[in-house]
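J.: Here it is: the structure, laid out below.
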Amino acid sequence: MSSSQYNKNRESRIPCRKISGGVAEGEVIISRKNFSFLGDVDPDTGKVVAEDSDIYGESISGKIFAFPSGRGSTVGTYVLLRMKKSKTAPIAIINEITEPIIAVGAIISEIPLVDMVDLSLLRTGERLRIHADRAKCHIEILDRLDR
Amino acid sequence: MYLTKDEERLLHADNPTIRKCMEILVAIGEIFNADRLINVKSVQISGISYQNIGDAGLEWIEGLNAKFVVKAMINPAGMDIRRWREMDIDKDFYRKQMRIINALISMGAESTLTCTPYYIEKPSFGDHLAWAESNAVVYANSLIGARTNRESGISALASGIIGKTPNYGLHVDENREPTVIVNVKEKIRSELLASILGLVVGERVANEVPYFRFPNTLSEWQLKVLGATLSAKGNTALFHVEGQTPEWSKFDVRSLEKIEIDGLKHEFDQELSKTCEPDLIALGCPHLSEWELEKLYELTRDKRAKKEFWVFTSRETMKKRGDLINALESRGIKVFGDTCMVVSPATEKFDCIMINSGKAFVYLPKLRGVNAKIAGMEDCVREGFNR
């Protein structure tokens, strides 16, 4: 299959479920591992500090952060809020299936969060626009990258 | 999730606090496929220690603008709010902790500051609750037959402001069914054995609803300690005990997988024989009941503490049983309210803390960075008084 055919097979609009509403546009960074905001990230810099992470050392701040789901302590909720206040938070979150720690953190920090998304449809570095402002929810891939 | 017209209105309320709280409940309802919201009788709010939630949490709570519409109780804080100086808590910590507590009180929370809300206002069988604090959750579900999921501090707070919780998980009959049988072969004659049992099977029954069979009847004290330890070690939110707990006979357990438990002390020998020299003996995780305080009173009769001996209970119990508290204090025991050895940074200055709680055994090394030695209450008294 040529790359142009491959491109055509990938939808540029991906449906999702809105958990925390809002609109965001930016570059996506994807991790394949479940994430805890308590311990996995330095809230002052937005850099991932979990050594076993596949995005160890990278920054999630100012980006759309996509990962399968959350894990760990509910205190992580407040870490996301702290990151939002010190402007190191991601601008939006995409999960495969979210869970309450991430969901509540995103809601109180007013960070758009959508889930029910197949992360294999996305590539790190792509520019996305997340529409989660109304009852309907979708992700738009603005410039598509292919392997 | 279905919302009534009134609930829809709250979701679009002008007051951002109410809107956010409703968004939180709807999000959790969506995540767990709840069909609707249901009324709760009370909420128990955890995560109120300044050390845990920091300035971000403090400012968020202070920024809230709404009143609780149901009974709202709060977890222990980082210090005894009267005797904090004796605990070597610094003034800045004290001030910030008080701001968190006062913000919650101004919203209508009661200043309970205890992890044992079931001693303050005992729920009834079948009541729906939104409780955070894992030992209270497992106690309410298992010993009382009330219904609550393991809430987080913020979801419990949101439920307190809206008065509702999403109908899923342990609010629903079918999810209260046992999923595994634990056959315990030896008699559980002490709270220490109940703790050890929790430590030994906790991880194995994480995310299960265990159904215990014991050769003897367990006391309220032993069941409380077992539940607290199970929830700290695994994620247990509900267990049943054959012949004892209120819902045990509702279910057919014949086809369930069985775990056999024998030789508990032996299985736990290495941990029990840990040789650290206790420089603090601390009881009260979860907060001691009146009955436990009376037992301690009996055990320490005509004695005086020779080591630091701290006891944690609720302010309410302290007020109710001033006689008992004064007698314990006169024997050299420090009785603190509003906090405990696990949430207060005050215990960090010790090397080895002797406790009779499986829950504290799990959390003290993790959260306070100290060694923990576990024994029964009698041995704790022996260590603190007889040397």
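J.: Say the dipole of the range B:22-116 comes from +1 at the beta carbon of Lys and Arg and -1 at that of Asp and Glu; which of B:Ala72, B:Asn33, B:Ser49 then lies farthest toward its positive end?
T.: B:Ala72
J.: Could you list which residues have their amide H under 5 Å from that of B:His287, counting only those 5 or more apart in sequence or on another chain, with H placed in the peptide plane?
T.: B:Cys115, B:Thr116
J.: Now for a separate question. Can you find, among B:Leu3, B:Ala156, B:Asn183, the residue sitting farthest towards the positive end of the charge dipole of chain B, where Lys and Arg contribute +1 and Asp and Glu -1 at Cβ?
T.: B:Ala156
J.: Using a cut-off of 16 Å between alpha-carbon atoms, which aspartates and glutamates can reach A:Lys47, once sequence neighbours fewer than 8 places away in the same chain are excluded?
T.: Cross-link targets: A:Glu27, A:Glu58.
J.: Okay, next question. Considering Cα pairs under 8 angstrom that are at least six residues apart, work out the relative contact order of the range B:1-46 and quote it in whole percent. Provide the component values of the computation, followed by the final result.
T.: Numbers: 26 pairs, mean separation 19.6, N = 46.
Once divided by the residue count of the range B:1-46, the mean separation gives 43 percent.
J.: Dipole size in debye (nearest 20) for the protein assembly as shown around its Cα centre, Lys and Arg Cβ +1, Asp and Glu Cβ -1?
T.: About 660 debye.
J.: Cα centroid distance between the range B:267-329 and the range B:28-46, in Å?
T.: 36
J.: Please compute the contact order of chain B in relative form: average sequence separation of alpha-carbon pairs under 8 Å and at least six residues apart, divided by the residue count, as a percent.
T.: Taking the mean separation of contacting Cα pairs over the length of chain B, I get 18 percent.
J.: Something else: Too long at a 23 Å Cα-Cα cut-off: which of B:Lys122/B:Lys334; A:Lys63/A:Lys84; B:Lys295/B:Lys359; B:Lys295/B:Lys373; B:Lys320/B:Lys373; B:Lys122/B:Lys373?
T.: Violating the 23 Å Cα-Cα cut-off are B:Lys122/B:Lys334; B:Lys320/B:Lys373; B:Lys122/B:Lys373.
J.: I've got another one for you. List the residues, sorted by chain then number, that are 5 or more residues from B:His240 or on another chain and whose placed amide H is less than 5 Å from its amide H.
T.: When sequence neighbours closer than 5 places are left aside, the close amide H contacts are B:Tyr211, B:Phe212.
J.: With a ≥ b ≥ c taken as the square roots of the eigenvalues of the C-alpha gyration tensor of chain B, please select rounded if a/c is under 1.5 and otherwise prolate if a/b is larger than b/c or oblate if it is not?
T.: The shape class here is oblate.
J.: Given a cut-off of under 8 Å on Cα pairs at least six residues apart, what relative contact order in percent is computed for chain A?
T.: Computed over chain A, the figure is 34 percent.
J.: Taking the Cα centre of the range A:100-147 as origin, sum charge times position over the Cβ atoms of Lys and Arg (+1) and Asp and Glu (-1), and report the length of that vector in debye to the nearest 20. Numbers along the way, then the final one.
T.: Values: 7 positive and 8 negative charges, 20 e Å.
That gives a dipole near 100 debye.
J.: Using alpha carbons only, how many angstrom separate the centre of the range A:130-147 from the centre of the range B:112-134?
T.: 43
J.: Given the range B:80-161, what whole percent of its Cα pairs are spread farther than 15 Å? The partial results should precede the final answer.
T.: Values: 2124 of 3321 pairs.
Taking all Cα-Cα pairs of the range B:80-161, the fraction more than 15 Å apart is 64 percent.
J.: Moving on. Would you mind finding the longest exposed-site-free stretch of chain B, with exposed GluC sites (Glu not before Pro) meaning DSSP loop and at most 14 other Cβ atoms within 10 Å? Write down the numbers at each step before the final one.
T.: Working: sites that count: B:Glu121, B:Glu203, B:Glu257.
In chain B, the maximal stretch lacking such sites is B:258-387.
J.: Once fully extended, how much extra length lies between B:Asn33 and B:Lys307, figured as 0.36 nm per residue of separation less the alpha-carbon to alpha-carbon distance? All intermediate terms of the calculation are to be shown ahead of the outcome.
T.: Details: separation 274, 0.36 × 274 = 98.64 nm, distance 5.29 nm.
Difference between extended and current length: 93.3 nm.
J.: If you don't mind, there's one more thing I want to ask. Cross-link candidates for B:Lys71: which aspartates and glutamates have Cα within less than 12 Å, leaving aside residues fewer than 8 places away along the same chain?
T.: B:Lys71 reaches B:Glu110, B:Glu121.
J.: Hey, what do the phi angles of the range B:74-82 turn into as Karplus ³J(HN,Hα) couplings, whole Hz, using 6.51/-1.76/1.60 and θ = phi - 60°, x for Gly and Pro?
T.: 10, 6, x, 9, x, 6, 6, 6, 9
J.: Moving on to the next point. Please quote Rg/Rh for chain A to two decimal places, taking the Kirkwood radius as Rh and restricting both calculations to Cα atoms.
T.: A ratio of 0.96.
J.: In chain B, what cysteines have no partner Cβ closer than 4.7 Å?
T.: B:Cys21, B:Cys115, B:Cys285, B:Cys340, B:Cys380
Bear in mind that the values in this text are calculations on the coordinates, not laboratory data. The structure presented is a predicted model; accordingly, all values stated were derived computationally and were not measured. We place every Cβ from the backbone using ideal geometry, glycine too, and count neighbours over all the protein chains shown.
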